[in-house]
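*Asks:* First the structure, which I've put down as structure tokens, then a few questions once you've had a look.
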Amino acid sequence: MLYSHIYFPTYTNGLKDIGTYLGCTWSEQDVTGITSIVWRRRWELNCDDVLKRKLVTYNSEDVHALKRITQCIYHIVAIEESKSDTPHLIDGFEVARVEDLRRQTSRREYGKATFVLQDFEHINKCAYFDYQREKILLRTQKTLRKIHGNKGRKRSKKIRLKKRVGIRSRKCVFCKSTALVRFPNKVHTKLAYDLNISESGIKRQVIECTTLTHRCLKCGKEFLPRRYKRRDKHCHTLKSWAVYQHIVHRISFQQIEEMFNECFSLRVNSVELHMIKILMAKRYRSTYRNIMEKIVCGNVIHIDETQINLQRGKGYVWVLANWEEVVYLYRPTREGDFLQAMLKEFTGVLISDFYIAYNSLPCEQQKCLVHLIRDLNHDLQHNPYDDEYKTLAGEFGRLLRVIVSTIDKYGLKRRHLNKHVTDVDRFFHMLECQQYRSELGESYQKRLLKHRKSLFTFLQHDGIPWNNNSAEHAVHRFAYYRTISDGKMTESGLDDYLILLSIYQTCRYKGISFLKFLLSREEDIDRFIEQGTDKRKVSSSLELYPDGFSSNHPRRRGAPIKRNLRFMNVLPSNDS
């Protein structure tokens with residue numbers, strides 16, 4: 001079995017690097033064994049001492065190189081047995097697993113190119129689209145000059161206010177005294193943005209938050225109300241719409257930024273959208289924990305995992321699901337040790353593939369028979385003339401087809417599936433007595449007998465499926481997002497995304513709208529279903545950052561506010 005591969009950066013220097021690593025002084029003509037054969041033949045003819053010394057030197061270097069390679073292989077095996085995902089160096093050379101190496105492709109990769117010569121780098125910079133359009137072509141194209149000139153003119157847009165919220169504090173934030181004085185000439189103003197989503201469309205809302213400078217008569221300190229300082233620039237409906245677009249439709253933050261600007265004339269940059277994702281994940285973390293508790297307390301869990309490449313290194317996303325709830329977890333490795341503590345109180349049936357990490361769990365298990373069928377079919381396609389293996393696969397296929405026919409007719413009911421227990425025992429008895437001469441047939445015989453207790457567990461329970469489709473379907477939803485974000489995420493950003501994705505996928509499994517659930521401000525999905533999916537809570541006029549969270553928004557300048565007092569609600573808000 002090939003464990004690892006020593007990667008040398010360039011092929012042209014590969015022979016030199018190998019020689020340096022092995023401690024040899026090979027030249028290009030000495031590397032090949034053909035040269036040594038020629039030396040050997042000439043020495044046999046004339047017994048030249050020079051040729052003899054060359055042969056002795058070549059053989060000693062060959063033995064030394066073989067010794068170094070053997071030591072390297074033993075070191076690689078030790079690294080493999082340690083099951084560590086961190087990169088390792090052997091005498092300055094990086095050692096990596098073969099499956100971790102990036103496959104060679106003829107497709108051109110987008111990104112900043114690295115040039116050896118500075119002249120090439122300068123020429124490449126002058127070939128960029130923006131450079132050509134804004135510096136070269138506008139000198140000859142009148143249309144481009146006009147477009148470029150209009151782009152520099154920033155028109156000040158008047159913002160129509162929907163509400164004005166007055167914030168005042170009743171107590172001093174320092175000494176808690178109620179003896180306060182407020183200065184009418186020291187007014188502080190902030191804007192908050194929101195959306196009004198109705199059946200007829202979506203409309204922008206702008207809220208003005210105002211407060212006065214407060215002074216405590218007892219301690220003499222001036223301050224601003226905490227609710228004013230903790231005011232969130234973006235209200236809940238706007239954040240819900242942004243999260244909905246990102247999670248459900250997999251729209252990037254750069255595209256959502258353009259949508260806000262184009263559709264609502266709002267400047268919500270990608271940095272603020274990342275912060276919105278963090279705030280929404282923090283808000284619904286309790287919902288995420290409730291979903292996890294319901295899955296662990298259930299009678300069945302579907303589990304699967306998939307790999308994800310991060311900005312630094314790689315990790316694995318694990319999926320735990322049942323028929324109504326889904327939870328995504330991130331772990332830096334594929335080790336399943338964390339499952340022992342997570343599922344220690346689980347008393348149901350775990351449905352999984354044949355990954356060895358699941359075998360150590362103490363609960364009952366049902367192996368996914370679809371995975372087994374795929375493996376059987378794959379080996380049948382590549383070994384069409386193995387009659388023994390073909391007979392084994394045919395017997396297993398006929399047995400499973402009869403069971404599936406019963407499931408299609410009566411469902412996953414134990415009283416109808418119990419009659420197939422005798423057929424399963426007969427199949428395994430035949431399998432034990434059979435002597436296979438083919439290597440493939442013998443390997444599948446050992447595999448089936450090894451997992452005998454976990455292949456047909458569903459025959460003895462009600463409502464336990466024979467496949468892992470619930471978890472695989474949830475993995476597909478994450479895999480769609482991975483195609484556009486692979487290698488771009490961080491661990492913290494992925495954790496926040498998985499919290500929101502878990503809630504969305506749970507809403508899909510329960511048949512409710514993810515957007516309506518977010519807009520309702522409810523944090524319990526089952527309670528939201530009981531209240532009715534169309535019932536929403538009244539949106540508050542002011543959103544606050546959670547305790548311990550701070551953000552500095554860039555102030556928008558040059559945008560005058562058009563106050564229409566006829567449609568403005570003056571809502572004083574007391575801050576205790």
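*Asks:* Just need a number here: residues in the stretch 234-249 that are more than 18 Å from S198 (Cβ to Cβ) and among the basic types (K, R).
*Replies:* 0
*Asks:* Any residue in the stretch 268-291 that is in contact with a strand residue (DSSP E or B) (Cβ under 7 Å, 6 or more places away or on another chain), closer than 28 Å to T457 by Cα and either among the basic types (K, R) or buried (at least 16 other Cβ atoms within 10 Å of the Cβ) (or both)?
*Replies:* Looking through the stretch 268-291, at least one residue is in contact with a strand residue (DSSP E or B) (Cβ under 7 Å, 6 or more places away or on another chain), closer than 28 Å to T457 by Cα and either among the basic types (K, R) or buried (at least 16 other Cβ atoms within 10 Å of the Cβ) (or both).
*Asks:* Take H75 and decide whether it is farther than 30 Å from Q205 by Cα and at pLDDT 75 or above.
*Replies:* It is true that H75 is farther than 30 Å from Q205 by Cα and at pLDDT 75 or above.
*Asks:* Okay, moving on. So which residues in the stretch 167-199 are modelled with pLDDT of 90 or more and among the small types (G, A, S), if there are any at all?
*Replies:* Answer for the stretch 167-199, where residues must be modelled with pLDDT of 90 or more and among the small types (G, A, S): S169, S177, A179, A192.
*Asks:* Where the second residue is part of a strand (DSSP E or B) and the first is surrounded by fewer than 12 Cβ atoms within 10 Å (Cβ to Cβ) and lies in the stretch 189-208, which pairs have Cβ atoms under 9 Å and are six or more apart or on separate chains?
*Replies:* From residues that are surrounded by fewer than 12 Cβ atoms within 10 Å (Cβ to Cβ), the pairs are T189/E208; T189/C209; T189/T210; T189/T211; T189/I561.
Quick grid of which residues meet (1) more than 37 Å from the chain's Cα centre (by Cα); (2) surrounded by 12 or more Cβ atoms within 10 Å (Cβ to Cβ):
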position: L372; (1), (2): no, yes
position: P384; (1), (2): yes, no
position: K390; (1), (2): yes, yes
position: G394; (1), (2): yes, yes
position: I407; (1), (2): no, yes
position: L417; (1), (2): yes, yes
position: C433; (1), (2): yes, no
position: S443; (1), (2): no, yes
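*Asks:* Tally the residues that are in contact (Cβ under 8 Å) with a residue 12 or more places away in the chain and either out of contact with any Cys (no Cβ under 8 Å at 6 or more places or on another chain) or not assigned by TED's automatic domain parsing to the domain that holds A474 (or both), restricting the search to the stretch 509-519.
*Replies:* Qualifying residue count, the stretch 509-519: 7.
*Asks:* Can you name the number of the only condition in (1) touching a residue at least 40 places away in the same chain (Cβ under 8 Å); (2) over 20 Å from the mean Cα position of the chain (by Cα); (3) not in a loop (DSSP other than H, G, I, E, B) that L266 fails?
*Replies:* The number of the failed condition is (3).
*Asks:* All but one of (1) surrounded by fewer than 20 Cβ atoms within 10 Å (Cβ to Cβ); (2) touching a residue at least 40 places away in the same chain (Cβ under 8 Å); (3) more than 20 Å from Y330 (Cβ to Cβ); (4) not assigned by TED's automatic domain parsing to the domain that holds S352 hold for R250; which doesn't?
*Replies:* The one condition R250 does not meet is (3).
*Asks:* If you don't mind, another one. Does D526 meet the test of being modelled with pLDDT of 75 or more and under 29 Å from R250 (Cβ atoms)? Before the answer, list the steps.
*Replies:* Values: modelled with pLDDT of 75 or more: yes; under 29 Å from R250 (Cβ atoms): yes.
Here the answer is yes, as D526 does meet what is asked.
*Asks:* Another question, then. Return the pairs, sorted by first residue and then second, in which the second residue is modelled with pLDDT under 80 and in a helix (DSSP H, G or I), the first residue lies in the stretch 36-55 and is on the phi < 0 side of the Ramachandran plot and among the polar types (S, T, N, Q), the beta carbons are less than 9 Å apart, and the residues are 6+ apart or on different chains.
*Replies:* S36/D30
*Asks:* A further question on this structure: Which condition number does Y328 fail, the rest of (1) surrounded by 21 or more Cβ atoms within 10 Å (Cβ to Cβ); (2) among the hydroxyl-bearing types (S, T, Y); (3) touching an Asp or Glu at 6+ places or on another chain (Cβ under 6 Å) being met?
*Replies:* Condition (3) is where Y328 drops out.
*Asks:* Go through the residues of the stretch 400-408 one by one and say whether even a single one is aliphatic (A, V, I, L, M), in a loop (DSSP other than H, G, I, E, B) and within 26 Å of S470 (Cβ to Cβ).
*Replies:* The answer is no; no qualifying residue exists.
*Asks:* To continue, here is another question. In the stretch 332-370, how many are surrounded by 16 or more Cβ atoms within 10 Å (Cβ to Cβ) and among the aromatic types (F, W, Y)?
*Replies:* 2
*Asks:* For the stretch 434-446, which positions are assigned to a helix (DSSP H, G or I) and touching a residue at least 12 places away in the same chain (Cβ under 8 Å)?
*Replies:* L440, G441, Y444, Q445
*Asks:* Looking for whichever is within 30 Å of Q255 (Cβ to Cβ), of a type in the set (F, W, Y) and either out of contact with any Cys (no Cβ under 8 Å at 6 or more places or on another chain) or exposed (fewer than 13 other Cβ atoms within 10 Å of the Cβ) (or both) here; the options are F456, F478. Which one fits?
*Replies:* The unique qualifying residue is F478.
*Asks:* May I pose another question? Return a yes/no flag: does the stretch 279-292 have any residue that is on the phi < 0 side of the Ramachandran plot and touching a Gly at 6+ places or on another chain (Cβ under 9 Å).
*Replies:* We begin by selecting, within the stretch 279-292, every residue on the phi < 0 side of the Ramachandran plot; these are 279-292.
Pick out the ones that are also touching a Gly at 6+ places or on another chain (Cβ under 9 Å) and you get none.
No, the conditions are met nowhere in the stretch 279-292.
The values are calculated or read from the model by the stated rules, or taken from the named source; none is laboratory data. Just so it is clear, the model here is predicted, and its values are computed rather than measured. In this analysis, Cβ positions are derived from the backbone assuming ideal geometry, glycine residues included, and neighbour counts consider all displayed protein chains.
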